[in-house]
Amino acid sequence: MQLSAEQLAWAVHGTPLLIDVNLTVEPGQTYGLVGPNGSGKTSLLRLLAGLNKPKAGRVLIDGQPLHTLKQRAIAQSIALVEQQADTTDRITVGQVVSLGRTPFLTALRPWSSNDDAIVAKALFDVDMAHMADRLWHTLSGGERQRVHIARALAQKPKILLLDEPTNHLDIRHQLSILELVRQLPITVIISLHDLNQAMECDRIGVMDRGRLIDSGHPHDVLTANRLRQTFGVHAHVIDDAVDGKQIMRFRSAI
Ligand SMILES: Nc1ncnc2c1ncn2[C@@H]1O[C@H](COP(=O)(O)OP(=O)(O)O)[C@@H](O)[C@H]1O
Ligand SMILES: [Mg+2]
């Protein structure tokens, strides 16, 4: 599914937090969202997911304005993995992931073995199958994060929005989640702090003080100038001796 934002704006108590964001992510693309703390990444993802209403502008999925769709229809298309999602319920890992199937259940279409299979696959994909019966509150931060990603995968979304999903993850799970996400045949928008990881996305957008100031091919967007101006760091590129890939290294610009 194609996801677009048209002249999107959002404000809290009169303070503009998102200003004139225009964006189109084509079906199947992985779009990396980068930007300093407080630049508006989380705000934008929540608007794109339909959780917050824009003050101006609109979000469209396959050309259809989000605000014309019912919550259930949106949930059948878009999944969001939030940065600080939590639950206080006494609930198992398997039950958390099962919640991803909620938008598809009705009286006429109750839980089936197909739903069981989807939940099992989602748990397997994030390497949490062995913990399906564990209680949520006994998990580590990184394990919780992986369960949240599994819940979103179980939703079988056509558009997946991920807010810093690798934050609490050890390096092995960071890499496996990023690889998994990139290989999904769906549209993905993922906010990331690791700029080298962001370079692996099909396209990158840079947020700065509520604006999407640049968007395009990773090499065109994350230039030395941009890194200095927006992130306040000096960057230089080195070639990895093993696979020849370019890696950015950073020094403080202060
Ligand atoms: N509900 C809110 N009320 C007031 N300010 C908010 C609210 N949500 C976000 N902000 C502010 O908006 C700015 C952007 O926040 P956020 O979207 O979380 O940025 P990022 O995810 O890039 O770190 C920050 O300055 C933040 O403090
Ligand atoms: Mg954020």
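The values are calculated or read from the model by the stated rules, or taken from the named source; none is laboratory data. Here the structure is a predicted model, which is why all the values come from computation and not from measurement. As a convention, Cβ positions derive from the backbone with ideal geometry for all residues, glycine included, and neighbour counts pool all protein chains shown. Heavy atoms of the whole protein, side chains included, go into the accessibility calculation; ligands, DNA and RNA do not. Shrake-Rupley method; radii C 1.70, N 1.55, O 1.52, S 1.80 Å.
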Task: Pairs where the first residue, in the stretch 1-26, is more than 15 Å from Lys53 (Cα to Cα) and the second is of a type in the set (Phe, Trp, Tyr), C-beta under 6 Å, 6+ apart - done: Val25/Tyr31
Open item on the list: Considering only the stretch 162-182, I want to know if a residue exists there that is open to solvent by 20 Å² or more (accessible area, probe 1.4 Å), in contact with a strand residue (DSSP E or B) (Cβ under 8 Å, 6 or more places away or on another chain) and either within 14 Å of ligand 1 (Cβ to nearest atom) or closer than 27 Å to Ile91 by Cα (or both).
Closed with: no
Open item on the list: Can you confirm whether Arg72 is charged (D, E, K, R), assigned to a helix (DSSP H, G or I), crowded, with 19+ Cβ neighbours inside 10 Å and in contact (Cβ under 8 Å) with a residue 12 or more places away in the chain?
Closed with: no
Task: Index of the failed condition, Arg58 passing every other in (1) closer than 27 Å to Ile171 by Cβ; (2) in contact with a His (Cβ under 8 Å, 6 or more places away or on another chain); (3) part of a strand (DSSP E or B) - done: (1)
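Per-residue answers, yes or no, for (1) more than 16 Å from ligand 2 (Cβ to nearest atom); (2) more than 11 Å from the chain's Cα centre (by Cα):
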| site | (1), (2) |
| --- | --- |
| Leu161 | no, no |
| Glu164 | no, no |
| Ile171 | yes, yes |
| Val181 | yes, no |
| Thr187 | yes, no |
| Ser191 | no, no |
| Gly205 | no, yes |
Task: Odd one out for Val81, checked against (1) in contact with a helix residue (DSSP H, G or I) (Cβ under 7 Å, 6 or more places away or on another chain); (2) open to solvent by 60 Å² or more (accessible area, probe 1.4 Å) - done: (2)
Task: Failed item in (1) in a loop (DSSP other than H, G, I, E, B); (2) over 19 Å from Ser4 (Cβ atoms); (3) in contact (Cβ under 8 Å) with a residue 24 or more places away in the chain; (4) touching a Lys or Arg at 6+ places or on another chain (Cβ under 9 Å), with Trp111 passing the rest - done: (3)
Open item on the list: When you scan the stretch 49-56, do you find a residue that is under 15 Å from the mean Cα position of the chain (by Cα) and within 16 Å of ligand 2 (Cβ to nearest atom), even just one?
Closed with: yes
Task: Flag for Leu195 being open to solvent by 20 Å² or more (accessible area, probe 1.4 Å) and at negative phi - done: no
Task: Verdict on Ile186 being at pLDDT 95 or above, farther than 18 Å from Gly38 by Cα and open to solvent by 10 Å² or more (accessible area, probe 1.4 Å) - done: yes
